[in-house]
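Written out below as structure tokens is the structure these notes cover.
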Amino acid sequence: MISLTFYILLHWLIVLAGAPLFLGVIPRVKAVISGRRGPSVFQPYYDLARLFQKKTVYSRTTTWLFRAAPIVALASVLMVSLVVPFCVFKAPIQFTGDILLVAYLLALARFFMIIAALDTGYSMEGMGASREAFFSCLSELTLFMNFITLALLAHNISLSRMIGADIPVSWQMAGPALLMAAGSLFVVLLAENCRLPVDDPDTHLELTMIHEVMILEHGGVDLAYMHYAAGIKMFIFAAILVPILLPWQTGNVLQNWAIFCGGMMGLALLVGVVESTMARFRLNRVKHFLLISFALAFFGFIVALWRI
Amino acid sequence: MEIIFSKIWQVPFGALSLRLDPLSVLFLTAITILFFCAGIYSMGYLRPYQGKKPLVWHVFCYLFLAMMFGVVVTANNVILFLSAWELMSIATYFLIIFHDETPSVRRAGFLYLMATHCGTFCLFLMFFLMAHTAGSMNFDVMAHASFSPVVAGTIFSLALIGFGVKAGFLPFHIWLPHAHPAAPSHISAVLSGVAIKTGIYGICRVLWIMGVLPEWCGYALLLIGVVSGLMGVLYALGQHELKKLLAYHSIENIGIIAIGLGIGMLGRTYHLAFVSALGFAGALLHVLNHALFKGLLFLGAGSVIQKTHTGDLDRLGGLAKIMPYTSVLFLVGALSICGLPLFNGFISEFVIFYGLFQGLLTLPLQGVFSCGVGIVSLALMGALALACFAKVYGTIFLGKPRRTGDSALFQEKERNRALSPVLREATSKWMIVAMAVLAGLCAWIGLAPRNAVRLTFAGGEYLSRGVLMKEDFEKLMAPLSMIIGTVFIFMAVIAVLVLVRKVLLGKGSMPIQDTWACGFAQVSPKFQYTSSSFARPIVELMKKILMFSRQGGKVVGEFPVQAHMISAVKDASEEGMFRPLYIRFIRLSRKLDERRNKYTQMYLMYIFLFLIFLLIWKLR
Amino acid sequence: MTIWIDAACILVVFFSLSILAAYRIGGMIQMFAVQSLVLSFMPVLMHSHALSLRDILLSLGTMVLKAVLVPYILFWAIRHVSMRSEVKPIIGIGSSIVCGALLIAGSFWVSSSVTFPGKIASDLVIPCSLATVLLGFMIMVTRTRAVTQVVGYLVMENGIFLFALSLFDAMPILIEMGILLDIFAAVFIMAIVVNHINEEFERSPAAVKRWSKMGESI
């Protein structure tokens, strides 16, 4: 019991410490590619610290749900992080079917964020909420399709096993399927976390934004919670993707950890590169982008079936 | 495991034989709870109609319906079952046409009556075939008979149509979105919560009687589930009318239940007792859960409609401030129906998902593929339901009221701001108590599912007709107890985060301002996203299937004055299938009518000839 | 080496799908070029254990012809014709993608019953080539512009090429080169024809209106 509590706290420590760093690397990469120096990689920490100290202003239209949404969002992603293994740190919570808990806890966070956006009673937030609801339907499809492929290959429906020790064997058996799963999971990572080809996290032109416009009305601690939740979500998706792409397991704990951290940094780098080389899709093209990622995942499923 | 009560009944082939087995117990539980709560609710809801409507007749029908439901799910004899089934349909009809002064209500009631009789026709055929093959009218004797694959397939198809009409499978669902909104809310709750479940009960009973069914039946049921579920939720997204939307959601949930039953049947066909039990148990648990949360949502909708006199989502808004209790209870219902953790919807969806994944790992190839399709569509249904209920909750309870007519209501709110929530709400306390009981049960199954799951697992085991060990139940309970543990940690985390927020914000009240409108000064509630605009991206993607139509809305000129836009989603199976059929039929009848012989004697002669034919056929 | 062949196979199918999902003609041609580039490595990959001059020649020939020359000609054609750059689909892009995914599943299902004489480099080659052919066909069926027809034809041909590669050992190099040359000539002629027809193969104005309306609506 005590050791479990210890592991849970350790997991949270990694997530809470690592997520802002992950988010900080991406703008730095973008800046370097475009020939600027860019902000420090620790900038998200400063931003969060600043927001934590601020007071907030509430709209008179809003109800308690508006205040509850950031808390539920952050708590949900923190719970999801307990199901995901971080290399040598095994997931404290793992059981048959924990992937469903992952998907539905994220859905819970999304539900509260959407209704908090609708609570403000203005069109901008409603716009973001509507788009978020739409795109998440499509990315959820892809996510589950990939879960199916991974479950088929690992013959297990626990996340820790699906992206765990069986991955090298699966690469041998059905490499193309895993390749496609990784590709479409990367698209899900971009879409769910509102990265560039889908949504632009940097602009403040409300019409083009999804996530940012939903949290337009939040401020202070609430906004910090929201940002933290978004960062952790991205960190979690990356932590799911890295073991699939880098399945090497050495006997050495330190080496494994180095591979994992390197993978995470590499992924942040990749996101940065994608963001600096790609333009944002027109809004009515985003669904095609997501549908292609679904078709890719489906193709992966077919290949996995073919090879088994 | 089963108790049979039997008495002689002076009806040919009939026997007053009732049975109590895990299946009946489960449905009886759902019926009792929902009828009880809706009854309590109606004590508040019907008060305004006192003296204006024949309430005694209404109450009689209500209680009679409750009794008939009880008989339907416990009958052990075909004749008894069919009699109760018919009486149930008729009682339901009288309950639906409570507002019989409105023509649309009368039409909806008639449509219901027609649909249910068409269904019953198939049931007559089906039971005839069954009884003929088995040589008995009693279910327990039938269960020991063996059916040839062709007969079994025919019986199953007839059951799918006959019971499918009642349950609301696509495309036989067309009566449902008309009848449910037409009825008063506590009746809608009962209709949606348990009346359509009698269709599911019928299918379960047939599955139980026919121990061995051809392989394709499982796939067919799975497919029907996927189609009904997806189409149900898509239609729901396109609706503007609250109760109609909820009615379409019932179709979605029936689809989820059918997916569970389908995977249970696949497991049974391939002799995988655990998969089978999981599928059936998940479906049955969802039956119970759907009764709870859909009942809750319909009752909540009733409170909203009683308060505002409209169910049009595009006109509502900001009710959370006027109706604090109803808004919280409705939120519980919305979270449950979306299958989000903490509440019961998640538990039953988890069990069905578990069954599907288990099937994915153990079934043969075509089964694996079907399970994959099932999982993906269940996930999509979940995401779409989430979008739909975020829309419903956001547009009814949050934001500002969307029509100017509501400003009177809002002035009342401003006046009541100082008052306690109880006075502000002004909804009858019976109504709140009824909803609170249902919400409490939703949370109870969500947080302590052991008893409910045991009840339904017994039902699943009973249906799967396989031998299961005690470990199998524990194999299901192990992940569930982990989920519950996680949920409790989740609540602890929420508490900690609330505390952190309190500490960081410090003492003193926060400044309250208007919503920041990006610098725009004259903000009107009309700026808000309406339910139609919220759902538009999804509906537009599926516009062909949904028969989405949009009129007007074009802004012209440099200084546009006023523009109106109407968008609507039409039911493809109603518009594309039944209406043309109906028109053809009417045309045919007209033609026949013209040719008809107008002598009464002719008809008497037909009867006479038929009588002679019967006499010769039977007595020769 | 199998993993590389597998990867190339799925990439070929994926690019066919992307061509189906493209909404600009330029994007279609670019993706076709990349697809051909991937495909041109196949002869070398398939015979990596015993590399001969013939494999390298075939690779190079494919690369030069399909990945460079043909796209160049097509680009030249659309530049000179000054047509609008959008693809005009008969069924919408979203539905095309879903149909494409189903076609892929279908081609795997069909080829599960095909028994192939002799040794194949990877079991993915046949279903993937079939899928590519079907997707190419679908591009031809559902896109109305002249250039898109050509691209669809070329994608189809790529699928046939992939299939033919598995019969590689039975085919003399002369025939392959001949085929490649044929395609080159065909594309060249088509480009000229396109140049002259300007817009598209359209039957009557009313039909065009109906088709394009259908396309826009999904």
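If you scan segment B:492-527, which residues turn out to be in contact (Cβ under 8 Å) with a residue 40 or more places away in the chain and more than 8 Å from every other protein chain (Cβ to nearest Cβ)?
B:K526
Given segment B:486-599, what helices (runs of 4 or more DSSP H) lie entirely inside it while holding 3 or more residues that are over 30 Å from B:Y248 (Cα atoms)?
B:579-595
Quick test for you: out of B:S370, B:S336, pick the one residue that is modelled with pLDDT of 90 or more, among the hydroxyl-bearing types (S, T, Y), assigned to a helix (DSSP H, G or I) and surrounded by fewer than 24 Cβ atoms within 10 Å (Cβ to Cβ).
So the residue among B:S370, B:S336 that is modelled with pLDDT of 90 or more, among the hydroxyl-bearing types (S, T, Y), assigned to a helix (DSSP H, G or I) and surrounded by fewer than 24 Cβ atoms within 10 Å (Cβ to Cβ) is B:S370.
Pick out the one residue from B:G51, B:G109, B:G39 that is at positive phi and out of contact with any strand residue (DSSP E or B) (no Cβ under 8 Å at 6 or more places or on another chain).
B:G51
Tally time: how many residues in segment B:348-390 are more than 9 Å from chain A (Cβ to nearest Cβ), under 25 Å from B:G485 (Cα atoms) and in contact with a His (Cβ under 9 Å, 6 or more places away or on another chain)?
So the answer is 3.
Within segment A:30-53, track down each residue that is surrounded by 14 or more Cβ atoms within 10 Å (Cβ to Cβ) and hydroxyl-bearing (S, T, Y).
Selection gives A:Y45 alone.
Only residues that are surrounded by fewer than 20 Cβ atoms within 10 Å (Cβ to Cβ), in contact (Cβ under 8 Å) with a residue 40 or more places away in the chain and within 12 Å of chain A (Cβ to nearest Cβ): list them for segment C:2-47, please.
Listed by number, the residues that qualify are C:T2, C:W4, C:Y23, C:R24.
Taking segment A:1-12 as the search range and keeping residues that are of a type in the set (V, I, T) and without any contact (Cβ under 8 Å) to a residue 40 or more places away in the chain, which one is surrounded by the fewest Cβ atoms within 10 Å (Cβ to Cβ)?
A:I2
Quick test for you: out of B:S549, B:S531, pick the one residue that is in contact with a Lys or Arg (Cβ under 8 Å, 6 or more places away or on another chain), more than 7 Å from every other protein chain (Cβ to nearest Cβ) and exposed (fewer than 14 other Cβ atoms within 10 Å of the Cβ).
Selected residue: B:S549, the only one of B:S549, B:S531 that is in contact with a Lys or Arg (Cβ under 8 Å, 6 or more places away or on another chain), more than 7 Å from every other protein chain (Cβ to nearest Cβ) and exposed (fewer than 14 other Cβ atoms within 10 Å of the Cβ).
Being modelled with pLDDT under 75 and either buried (at least 19 other Cβ atoms within 10 Å of the Cβ) or among the polar types (S, T, N, Q) (or both) is the filter here, so list the residues in segment C:82-93 that pass it.
C:S82, C:S85, C:V87, C:K88
Given the options A:G251, A:G272, A:G231, A:G263, name the one that is more than 14 Å from chain C (Cβ to nearest Cβ), over 21 Å from C:G94 (Cα atoms) and exposed (fewer than 15 other Cβ atoms within 10 Å of the Cβ).
Only one candidate passes the filter, namely A:G251.
Of all residues in segment B:140-159, how many are assigned to a helix (DSSP H, G or I) and either of a type outside the set (D, E, K, R) or modelled with pLDDT of 85 or more (or both)?
13
Could you tell me which of the residues A:A129, A:A68 is within 8 Å of another protein chain (Cβ to nearest Cβ) and among the small types (G, A, S)?
Result: A:A129 is the single residue among A:A129, A:A68 that is within 8 Å of another protein chain (Cβ to nearest Cβ) and among the small types (G, A, S).
Considering segment A:13-56 alone, what residues qualify as being in a helix (DSSP H, G or I), touching a residue at least 12 places away in the same chain (Cβ under 8 Å) and within 14 Å of another protein chain (Cβ to nearest Cβ)?
A:V15, A:L16, A:L48, A:L51, A:F52
Just to check your reading of the model, which residue among B:G260, B:G264, B:G232 is part of a helix (DSSP H, G or I), assigned by TED's automatic domain parsing to the domain that holds B:C338 and closer than 23 Å to B:L331 by Cβ?
None of the others qualify; the one that does is B:G232.
Can you tell me which condition C:L154 does not meet? The list is (1) away from chain A (no Cβ under 12 Å); (2) surrounded by fewer than 23 Cβ atoms within 10 Å (Cβ to Cβ); (3) assigned to a helix (DSSP H, G or I), and all the others hold.
Only one criterion is unmet by C:L154, namely (2).
Residue by residue, here is whether (1) in a helix (DSSP H, G or I); (2) at pLDDT 90 or above; (3) not hydroxyl-bearing (S, T, Y) holds:
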{"position": "B:I375", "(1), (2), (3)": "yes, yes, yes"}
{"position": "B:F389", "(1), (2), (3)": "yes, yes, yes"}
{"position": "B:R402", "(1), (2), (3)": "no, no, yes"}
{"position": "B:G405", "(1), (2), (3)": "yes, no, yes"}
{"position": "B:F410", "(1), (2), (3)": "yes, no, yes"}
{"position": "B:E414", "(1), (2), (3)": "yes, no, yes"}
{"position": "B:W430", "(1), (2), (3)": "yes, no, yes"}
{"position": "B:V437", "(1), (2), (3)": "yes, yes, yes"}
{"position": "B:W444", "(1), (2), (3)": "yes, yes, yes"}
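Working carefully through the options B:F330, B:F293, find the one that is in contact with a Cys (Cβ under 6 Å, 6 or more places away or on another chain) and farther than 22 Å from A:L138 by Cα.
Going through B:F330, B:F293 in turn, just one is in contact with a Cys (Cβ under 6 Å, 6 or more places away or on another chain) and farther than 22 Å from A:L138 by Cα: B:F293.
In segment A:79-88, is there at least one residue being assigned to a loop (DSSP other than H, G, I, E, B), among the small types (G, A, S) and within 14 Å of chain B (Cβ to nearest Cβ)?
No - not one qualifying residue is present in segment A:79-88.
Kindly check whether there is at least one residue in segment C:80-103 that is away from chain A (no Cβ under 14 Å) and part of a helix (DSSP H, G or I).
yes
Would you mind telling me which numbered condition in (1) buried (at least 24 other Cβ atoms within 10 Å of the Cβ); (2) in contact with a helix residue (DSSP H, G or I) (Cβ under 6 Å, 6 or more places away or on another chain); (3) not acidic (D, E) B:M142 fails?
(1)
Can you name the condition, by its number, that B:F559 falls short on among (1) under 32 Å from the mean Cα position of the chain (by Cα); (2) more than 8 Å from chain A (Cβ to nearest Cβ); (3) aromatic (F, W, Y)?
Every listed condition holds for B:F559 apart from (1).
Could you tell me whether A:M113 is within 30 Å of B:G508 (Cβ to Cβ) and part of a helix (DSSP H, G or I)?
Taking the combined requirement at face value, the residue satisfies it.
Taking the residues in segment C:98-125 that are in contact with a Phe, Trp or Tyr (Cβ under 6 Å, 6 or more places away or on another chain) and in contact (Cβ under 8 Å) with a residue 24 or more places away in the chain as candidates, determine which candidate is farthest from C:T2 (Cα to Cα).
C:A101
Of the residues A:E140, A:E212, which is assigned to a helix (DSSP H, G or I), touching a residue at least 24 places away in the same chain (Cβ under 8 Å), in contact with a helix residue (DSSP H, G or I) (Cβ under 9 Å, 6 or more places away or on another chain) and within 11 Å of chain B (Cβ to nearest Cβ)?
Answer to the check: A:E140.
Does any residue of segment A:94-111 turn out to be aromatic (F, W, Y), more than 8 Å from chain B (Cβ to nearest Cβ) and under 19 Å from the mean Cα position of the chain (by Cα)?
no
In segment A:37-47, which residues are modelled with pLDDT of 90 or more and of a type in the set (D, E, K, R)?
A:D47
The values are calculated or read from the model by the stated rules, or taken from the named source; none is laboratory data. Just so we're clear, the structure is a prediction, and the values are computed from it rather than from any experiment. Here the Cβ is made from the backbone with ideal geometry for all residues, glycine too, and neighbour counts use every protein chain on show.
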